[in-house]
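Q: Take a look at this one; I'll ask things after.
Values in this text are rule-based calculations from the coordinates and carry no lab data. None of the values given here were measured: they were computed from a predicted structure. With ideal geometry, Cβ positions are generated from the backbone for all residues, glycine too; neighbour counts draw on all protein chains shown.
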Amino acid sequence: MDLAGRPRPSVSRETRLLFVTVLISLVALWVLARVRFADRPMTANPVAPVLTQLAAPPVFEQLSTAVFQVNKQIAPFMFNIAVRPAGSSGRGVERVAALRLPGGIAVAMLAPSMALDTTGPTPTAAVLARDPASGLTILGVPTNAAIANVSPLQGMWSPRRPQDPRYLVAADITLEGVTGRPVFVGALRPISSPVWRGTLWALPAGTSLTLGAFVFTMSGAFAGLVTDASGALVLAPGDVLSDSVDRLRSEGRRDYGRLGVEMQSLPPGVLSTVGRGDGVIVTWVEPQGPAAGQLNPGDVIVAAGDEAVSGFDDWQASTARLAVGEAIRLRVQRGDTGETVTLTAVAPQSEVAKPRVLGMLMRAVPRRGAEVLRVESKSAAAEAGIEAGDVIVSFGGRPAPGPAEIRRVFATATSGQSLVVTLARRAVHRVLVLETR
């Protein structure tokens with residue numbers, strides 16, 4: 001009873017027992033935590049963080065530790081090489097990852113337009129063989145005694161459950177060395193490509209991997225080389241890469257030819273125009289090349305040799321590996337008619353010896369400069385980044401130049417000179433550099 005004579009509320013026996021049980025449980029959890037995690041510092045108030053002490057370390061800490069361990073495993077196999085556009089004199093140098101293999105060789109992905117840069121203090125390397133269809137390149141490099149008889153391809157990874165999402169480690173190359181980067185990868189899908197022999201693994205769209213990257217698992221096993229197939233990123237696994245390396249080494253360095261044409265897969269908007277969905281379409285024909293007078297922009301190639309051409313990969317597999325002097329028969333659809341032409345591959349043209357063309361059709365804009373109406377492919381203007389619709393307001397230091405003055409300044413510039421171009425593009429002014437080499 002209280003002072004007012006009302007009955008005092010009582011706590012039931014069950015409630016008291018529950019409270020005592022909870023208190024004993026918390027104390028027991030704390031004692032277990034101190035025994036299980038004796039290396040962790042004691043907190044001033046052990047009750048609140050007791051569950052935190054019992055929990056496993058955060059996932060990102062485990063991921064960081066795993067990536068660090070992979071870095072140590074793969075560092076002896078990875079290095080970078082400097083490359084530049086073929087024929088240029090050191091301009092536009094960039095770094096490409098290379099994977100060291102036994103026997104004083106390494107592999108890397110090099111586009112046909114790229115060459116090794118020999119102007120800087122980079123490790124000595126030489127191209128021993130190159131596949132122009134895939135870009136896979138074998139390099140001769142100094143032997144690394146630490147891994148003379150060890151290959152990363154020995155521990156190749158094959159996903160047992162491709163549909164499971166997972167983390168892989170991409171070996172990013174910096175000037176300081178290898179930096180492993182965890183990359184989340186969703187479901188993998190097996191695909192084939194005429195450019196590669198064997199099964200490839202298609203990567204989900206949006207995966208943050210780049211062409212030419214070498215990828216490893218969290219345990220350090222080699223997962224593959226990032227390449228492309230039908231315009232999408234894929235992994236070329238260890239067995240496919242090993243087979244390609246063996247084949248290239250047996251073939252040695254070859255003199256591949258060119259047909260002097262550029263192709264692309266049929267864009268969706270062109271399908272209804274050409275009346276078919278397979279083949280590749282001609283986008284450019286070299287004026288003095290082997291295809292001049294036989295192919296025209298807009299032609300659709302539907303077969304090369306005895307193989308049907310359904311897309312760009314088929315075209316690459318059929319024509320990129322042609323040797324100098326080798327001929328190939330093409331089946332062409334031109335409008336409503338079809339015909340057959342035969343082209344013979346010729347030696348690659350030296351980029352240095354090519355005549356440099358300005359490549360712009362312009363019209364004068366009084367008191368302002370010159371408006372660009374059209375830019376030719378592979379011209380100096382195209383490589384500088386000038387686009388149709390740009391208004392050139394300064395060219396090589398000449399303000400408000402007309403078309404005739406622009407052509408004269410370009411024609412009288414010395415070889416290798418850089419001309420500064422200021423232009424207006426959709427109300428935004430930009431500065432570009434045009435090379436005259």
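Q: Suppose R0 equals 51 Å. What FRET efficiency, 1/(1 + (r/R0)^6) with r the Cβ-Cβ distance, do Gln264 and Leu29 give to the nearest 0.05? All intermediate terms of the calculation are to be shown ahead of the outcome.
A: Numbers: r = 65 Å, r/R0 = 1.28.
Once the sixth-power term is evaluated, E becomes 0.20.
Q: Using a 7 Å offset from the Cα along the Cα-to-Cβ direction at both Tyr167 and Ser208, what is the distance between the two label points in nm, to one decimal?
A: 1.2
Q: Apply the Karplus curve 6.51 cos²θ - 1.76 cosθ + 1.60, θ = phi - 60°, to the phi angles in segment 253-264 and return the couplings in whole Hz, x for Gly and Pro.
A: 7, 10, 9, 7, x, 9, 9, x, 9, 10, 10, 8
Q: Please work out how much length the chain gains when fully extended from Ala111 to Thr199, using 0.36 nm per residue of separation minus the C-alpha to C-alpha distance, in nm with one decimal. Before the final figure, lay out each step's value.
A: Values: separation 88, 0.36 × 88 = 31.68 nm, distance 2.21 nm.
Full-extension gain reported as 29.5 nm.
Q: Please give the contour-minus-distance gain from Arg160 to Ala327: 0.36 nm per residue of separation, less the Cα-Cα distance, rounded to one decimal in nm.
A: Stretched out fully, the Arg160 to Ala327 stretch lengthens by 55.7 nm.
Q: Another question, if that's okay. How high is the FRET efficiency from Thr143 to Arg95, r the C-beta distance, R0 30 Å, rounded to 0.05?
A: On the way: r = 22 Å, r/R0 = 0.73.
Calculated transfer efficiency: 0.85.
Q: When each pair of different Cα atoms in segment 360-435 is counted once in the 1/r mean, what is the Kirkwood radius in angstroms, to one decimal?
A: Numbers: mean 1/r = 0.0828 Å⁻¹.
Hydrodynamic radius (Kirkwood, Cα pairs) of segment 360-435 is 12.1 Å.
Q: For a quick check: sort Val178, Val309 by the number of other beta carbons within 10 angstrom, fewest at the front. Walk me through the numbers before you get to the answer.
A: On the way: Val178 20, Val309 25.
So the residues, fewest neighbours to most, are Val178, Val309.
Q: Still on this structure: Tell me, Met114, Met360 in order of fewest to most beta-carbon neighbours within 10 Å? Before the final figure, lay out each step's value.
A: Values: Met114 19, Met360 25.
The fewest-first ordering by Cβ neighbours comes to Met114, Met360.
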